[in-house]
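Coordinate-derived values only; no laboratory data. Remember, predicted model here, so these are calculated numbers, not experimental data. Cβ placement follows ideal geometry from the backbone for every residue including glycine, while neighbour counts extend to all protein chains displayed.
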Amino acid sequence: MKLRIPFLIILCALLPAASRAAVRVQVQANGQNYTGILVNGSATSKYDIVFIGDGFREADQTAFNTAVTAAVDALRNRPGYAERMCGFNIWRVNVISTDQGIDHPKDNVSKNTELDCRYGNPANGEAERCIVTDSPAKCIEAAAYAPGRDATFVLVNDTQWGGCAGAIVCSSIAPGFAGIITHELGHKLAKLADEYDCYVCDGSDDNRTYSGPDRPEVNITNDTNRATTKWRDLIATTTAIPTVADTPPGVVGLWEGGGYFRRSLFRPQSTCHMRAVGSGFCAVCMRKVQADLEFRCSSVLDALKNRRFIWKERFRMPIPICLSCPKPQDGNPLDLVTLSLAGLPQDAAMRILDSKGNVVVEAKVSERGLSATFESSRAERYYADVIPAQGMAPQEVTLKTELSHNLQIQELPTLRMQ
């Protein structure tokens with residue numbers, strides 16, 4: 001569901017708490033309309049998740065609090081998020097509904113709830129498992145009580161399995177719902193695609209064949225060329241392309257089926273959290289999730305200026321986004337970025353890559369050492385591959401880094417060796 005109400009978003013952010021009368025929100029003992037569950041820093045430097053509830057009456061707020069705790073524990077226990085919990089702020093806003101539960105259009109069940117959430121209506125071509133809100137403005141208003149909001153999660157007081165991610169993420173609190181939370185955050189945070197073979201999955205949309213252009217998500221593709229496919233750096237030369245069914249499930253290749261199509265779209269591994277919530281992230285999704293959280297962690301942002309280490313082989317370092325840079329002027333969506341490395345042998349090389357592994361630019365030798373300037377999209381992530389000369393013996397180096405976004409000099413966070 002796309003949300004096209006920018007004025008309302010701005011208005012909700014500016015209105016004082018006393019004027020937000022449309023949504024009933026519980027006032028906490030400290031007088032605030034929100035509770036900090038995990039607070040690691042400012043909203044400008046962290047990824048802020050706000051949990052709100054629908055179908056929880058005033059008498060059900062303890063159950064909502066328990067559900068939020070279970071959701072946060074799910075993030076703490078899911079590899080990919082677990083190592084980067086320092087990148088999150090997590091807030092809770094207790095919304096009070098008149099009725100318990102939410103609408104089930106398929107069964108003609110209607111509830112009077114504060115955020116107007118419902119399961120999908122198959123009569124309208126919707127998947128019943130997909131929970132949505134018919135009042136996204138109310139969800140935004142409730143979530144706006146929290147100090148920051150990058151993702152809004154609505155937990156609905158219903159035990160039928162379901163969840164969906166759009167501008168707002170909704171999930172039931174069915175047994176095992178923790179997997180829904182971590183799966184749906186994969187969509188919201190890392191823009192990962194579902195790796196299902198179908199969407200409605202009632203037999204009506206099985207065996208569909210994809211025939212469009214390559215999809216933008218990092219974890220599905222229709223490019224079967226070994227030299228150009230998105231995650232080619234993770235595919236062994238001995239792995240069949242496309243990957244055959246008797247290949248071990250943990251092998252990275254091109255496994256057919258994903259993006260709601262059974263034919264002609266491919267996923268990286270046989271199983272993944274974006275295909276089955278009981279599985280872990282595949283290698284491609286894991287890399288994307290961790291990269292998107294990398295620079296929101298204080299342990300990374302507070303890194304040493306210089307890095308001293310024994311250089312044995314090529315390494316890859318993610319290039320941080322600029323959290324404080326002004327938006328580009330004149331409608332240009334690109335930032336001008338310059339990365340310079342000093343302290344390496346003169347015959348070292350550096351390439352800037354995007355998240356698909358495409359080479360954006362090759363570095364040149366300058367008075368600062370290796371230097372590369374490129375235009376970066378804020379919707380993309382970039383990496384620097386630093387490459388030693390062929391046959392170089394291991395040696396100690398002190399790497400000095402300098403990064404500028406729109407001519408604003410910053411220190412580069414800790415190298416991520418690999």
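Output wanted: per-residue J couplings in Hz (rounded whole) for the stretch 205-218, from phi through Karplus 6.51 cos²θ - 1.76 cosθ + 1.60, θ = phi - 60°, x for Gly and Pro.
Along the stretch 205-218, the couplings run 10, 6, 6, 6, 10, 7, 9, x, x, 4, 7, x, 5, 6 Hz.
Choose one of F261, I235, I220: the residue whose Cα lies farthest towards the positive end of the charge dipole of the stretch 192-302 (beta-carbon charges +1 Lys, Arg; -1 Asp, Glu; about the Cα centre).
Checking the options against the dipole of the stretch 192-302, the answer is I235.
Between the stretch 125-170 and the stretch 190-261, what is the C-alpha centre distance in whole Å?
28 Å
Which residues' amide hydrogens lie under 5 Å from the amide hydrogen of F315, considering only partners 5 or more residues apart or on another chain, with H built in the peptide plane?
When sequence neighbours closer than 5 places are left aside, the close amide H contacts are V386.
Between S270, Y199, V252, whose Cα lies farthest towards the positive end of the dipole of the stretch 192-302 when Lys and Arg beta carbons carry +1 and Asp and Glu beta carbons carry -1, centred on the Cα centre?
Most positive-ward Cα: V252.
Just rank K356, K364, fewest to most, by other beta-carbon atoms within 10 angstrom. Don't jump to the answer; show the numbers that get you there.
Values: K356 18, K364 10.
In order of increasing Cβ crowding within 10 Å: K364, K356.
In what order do H183, H273, H104 fall by count of nearby beta-carbon atoms within 10 Å, going from fewest to most? Before the final figure, lay out the partial values.
Working: H183 26, H273 23, H104 18.
Least crowded to most crowded, the residues run H104, H273, H183.
Relative to the compact-globule scaling 2.2 N^0.38 Å, provide the ratio for the alpha-carbon radius of gyration of the stretch 6-190.
Relative to the 2.2 N^0.38 Å estimate, the stretch 6-190 comes out at 0.97.
As I understand it, the dipole of the stretch 6-190 uses +1 on the Cβ of Lys and Arg and -1 on the Cβ of Asp and Glu, about the Cα centre. Which of T44, N30, Q61 lies farthest toward its positive end?
About the Cα centre, the residue reaching furthest to the positive side is T44.
Rounded to a whole number, what is D in µm²/s for the stretch 192-302 from Stokes-Einstein with the Kirkwood radius over alpha-carbon pairs (20 °C, 1.002 mPa s)?
Values: Rh = 14.7 Å.
Using the Kirkwood radius from Cα pairs, D works out to 146 µm²/s.
Per-residue HN-Hα couplings for the stretch 95-105, Karplus 6.51 cos²θ - 1.76 cosθ + 1.60 at θ = phi - 60°, whole Hz, x for Gly and Pro?
With the stated coefficients, the stretch 95-105 comes to 9, 10, 9, 6, 9, 9, x, 9, 5, 10, x Hz.
For the stretch 94-213, what is the convex hull volume of its Cα atoms per residue in Å³?
So the per-residue Cα hull volume is 132 Å³.
Taking the Cβ of each residue in F56, F261 as the centre, tally the other Cβ atoms inside 10 Å and list the residues starting with the fewest. List each step's numbers first, then the result.
Details: F56 29, F261 24.
Ascending Cβ contact count within 10 Å gives the list F261, F56.
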